[in-house]
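To start, the structure under review is shown below, and the notes come after it.
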Amino acid sequence: MQLCIDWGNTRVKAALFQENKLVKDYNFSEEEALTGLIEAIDTEQPQAAILASVANHPPELKVLLQERTRLLVLTAQTVLPIMNAYHSPETLGVDRLALATGANSEYPDTNNLVIGIGTAITYNFVHKNRAFRGGNITPGLAMRFKALHEYTDKLPLVDEHGDLVLLGYDTETSIRSGVIMGIAAELDGMINLYREQYPDLNVVLTGGNAPVFAGKLKNRIFADSLLLLKGLNTILRHNVR
């Protein structure tokens, strides 16, 4: 049994795998994550674990994983089943490495663009020769709503829940429409730019806010909410072997 942990900026996601088979997945708030993971380790007793963290995780979690499992902490120096061609690997978020690995594993021998929609929106391109080439980073959904509120005097803080119409009929619906439909237009535009260079491009949408946009794009995509965890499992098994 392998335990894969993605410690993100706002949520902590984890999954248990038996070889390549997903057994169970978890989704914790940051406050409940440590307790939830300790319970999962006590109950399931995984033999190996991988930790990918883009935020500050509790030091005691790493100690516990080292004591109870064969722990791999994902870094820019971790041996991957794909080539990392990023020019500044020390600044690369490990979540992007996991997404790239997951896409290459799930859709081999093709050009993959993985779009992760979370706190930030990341575009991650993996060439069909198994090389992660990089991509793009833009503000995520909550970040855009918050910026409109905090960098103006009078605009309210809204979220994605509520009426969504092209022609906003008040300030709240105008903000919601501008942010959500603006991101959808950005996603389609970026996909089109990539497809101009790579016509055989495969596009995968993932991340906590991916469901908001999965049905709003003109381009054909695949949606996989667990792609990052699948990528972590692939990296872990590659190193354990």
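The values are calculated or read from the model by the stated rules, or taken from the named source; none is laboratory data. Nothing here was measured: the structure is a model prediction, and the numbers come from that model. Heads up, the Cβs are rebuilt from the backbone with ideal geometry, glycines too, and the neighbour counts pull from every protein chain shown.
Just a few scattered comments:
- Taken over the range 1-49, the residue count meeting the criterion of being within 13 Å of LEU236 (Cβ to Cβ), of a type outside the set (S, T, N, Q) and either buried (at least 21 other Cβ atoms within 10 Å of the Cβ) or in contact with a Ser or Thr (Cβ under 8 Å, 6 or more places away or on another chain) (or both) is 11.
Table: residues versus (1) touching a Pro at 6+ places or on another chain (Cβ under 7 Å); (2) free of Cβ contacts under 8 Å to residues at least 12 places away in the same chain; (3) under 17 Å from SER225 (Cβ atoms); (4) not assigned by TED's automatic domain parsing to the domain that holds ASN233.
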{"position": "THR91", "(1), (2), (3), (4)": "no, yes, no, no"}
{"position": "ASP95", "(1), (2), (3), (4)": "no, no, yes, no"}
{"position": "GLY134", "(1), (2), (3), (4)": "no, no, no, no"}
{"position": "SER177", "(1), (2), (3), (4)": "no, no, no, no"}
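- Under the condition of being outside any loop (DSSP other than H, G, I, E, B) and surrounded by 20 or more Cβ atoms within 10 Å (Cβ to Cβ), the residues counted in the range 72-83 number 1.
- Residue count for the range 82-117, restricted to those that are among the aromatic types (Phe, Trp, Tyr) and at pLDDT 95 or above: 1
- When restricted to residues that are part of a loop (DSSP other than H, G, I, E, B) and closer than 20 Å to ARG241 by Cβ, the range 84-120 contains 1.
- Considering the conditions (1) outside the structural domain of ILE5 (by TED's automatic domain parsing); (2) loosely packed, with under 14 Cβ neighbours inside 10 Å; (3) in a loop (DSSP other than H, G, I, E, B), ALA55 is excluded by exactly one of them, (1).
- Single match in LEU228, LEU232, LEU236 (criterion: touching a residue at least 24 places away in the same chain (Cβ under 8 Å), in contact with a Cys (Cβ under 6 Å, 6 or more places away or on another chain), under 27 Å from VAL79 (Cβ atoms) and among the aliphatic types (A, V, I, L, M)): LEU232
- Restricting attention to the range 152-203 and to residues that are aromatic (Phe, Trp, Tyr) and over 20 Å from ILE121 (Cα atoms), the residue that is farthest from the chain's Cα centre (by Cα) turns out to be TYR169.
- Qualifying residue in the range 160-182 (condition: closer than 20 Å to ASN112 by Cα and touching a helix residue (DSSP H, G or I) at 6+ places or on another chain (Cβ under 8 Å)): no
- Lone unmet requirement of (1) surrounded by 20 or more Cβ atoms within 10 Å (Cβ to Cβ); (2) polar (S, T, N, Q); (3) assigned to a loop (DSSP other than H, G, I, E, B) for ASN219: (1)
- The numbered conditions (1) small (Gly, Ala, Ser); (2) in contact with a Pro (Cβ under 9 Å, 6 or more places away or on another chain); (3) modelled with pLDDT of 95 or more are all true for ALA33 except (3).
- Inspection of the range 126-145 finds no residue satisfying the criterion of being in a loop (DSSP other than H, G, I, E, B), buried (at least 17 other Cβ atoms within 10 Å of the Cβ) and at pLDDT below 95.
- When the residues of the range 164-216 are filtered to those that are at pLDDT below 95 and among the charged types (D, E, K, R), the one that is surrounded by the most Cβ atoms within 10 Å (Cβ to Cβ) is LYS216.
- Filter result (under 19 Å from PHE17 (Cβ atoms) and aliphatic (A, V, I, L, M)) within the range 83-126: VAL94, LEU97, ALA98, LEU99, ALA100, ALA103
- Residue among GLN47, GLN18 that alone is in contact (Cβ under 8 Å) with a residue 40 or more places away in the chain and closer than 19 Å to THR69 by Cα: GLN47
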